[in-house]
1. Find the eigenvalues of the gyration tensor of the Cα atoms of the range 52-197, then list the square roots of 5 times those eigenvalues as equivalent ellipsoid semi-axes, largest first, in whole angstrom.
2. Hey, can you grab everything whose amide H is under 5 Å from the amide H of residue 181? Only 5+ residues off in sequence or another chain; H modelled, so Pro and N-termini drop out.
3. Using a simple spin-label model with points 7 Å from Cα along the Cα→Cβ vector, what separation in nm is obtained for residue 149 and residue 121?
4. Is the C-alpha gyration tensor of the range 110-171 telling us rounded, prolate or oblate? Criteria: a/c under 1.5 is rounded; beyond that, a/b larger than b/c is prolate, otherwise oblate.
5. For the range 55-195, give the percent of accessible area contributed by carbon and sulfur heavy atoms, probe 1.4 Å, rounded to a whole number.
Amino acid sequence: MKFFKLIPAVALFFTACGGGEPEATADAPATEPAAAVAPAGPAAPTGPMTIPDWYQVDHDAKTVRLVMVAGETPENNYWSYNGTIRGELAITVPEGYEVTIEFENRDPNMAHSVGISTELVNFTVPPVPEPVFAGAITENPQSMIDGTMPGDTETITFVADVAGNYSMVCYIAGHSAIGMWHFFNVSADGAAGVQGL
Ligand SMILES: [Cu+2]
């Protein structure tokens, strides 16, 4: 049924294109222009790129090593990454680099997780636990009893093989809503470092 419903739309498309008249584009379905408008979401920090001590990059080996600590400070009920929350950081790694995240949970009370998500707008619901890159998520990322538990350290490694704008999030219910997320960019031009410190 869906196939047959598509036919009029396809026919319309070719008719509009075949006409070759500029005004034909004015008849395009109202939903098309909306897709071109960037969704409104939190703004990423735009300050200078820095290399903090928890960010190690080796351009010869094409590797980045990040040490991310949950609950490093009591701020935000320990629900934070390296003492920061709510997109205060934009972490950028070069495309094609192998990224290792050493994730340590110092929150005395609560499990946490970390992964790279396509979510950039709505952090009020836990992002779907499907990482952008294979391996870019910790074990049992939604679990409060089998996630990365207080005192635990878990290391994940993945290849950031597609440039783009992503996020680093905790997948446990409510945590991203409270601010446990940051911007995570994969640069096509080799840019590396952290903005917003
Ligand atoms: Cu968390």
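1. 23, 15, 14
2. Amide H neighbours of residue 181: 86, 87.
3. Taking the two extended label points, one gets 3.9 nm.
4. Since a/c reaches 1.5 but b/c is at least a/b, the shape of the range 110-171 is classed as oblate.
5. Exposed carbon and sulfur together represent 48 percent of the surface.
The values are calculated or read from the model by the stated rules, or taken from the named source; none is laboratory data. Since the model is a prediction, treat every value here as computed from it, not as a measurement. Counting neighbours? That spans all protein chains shown, and the Cβs are built from the backbone with ideal geometry, glycine included. The area values use the complete protein model at the heavy-atom level, side chains included, leaving out ligands, DNA and RNA. Shrake-Rupley method; radii C 1.70, N 1.55, O 1.52, S 1.80 Å.
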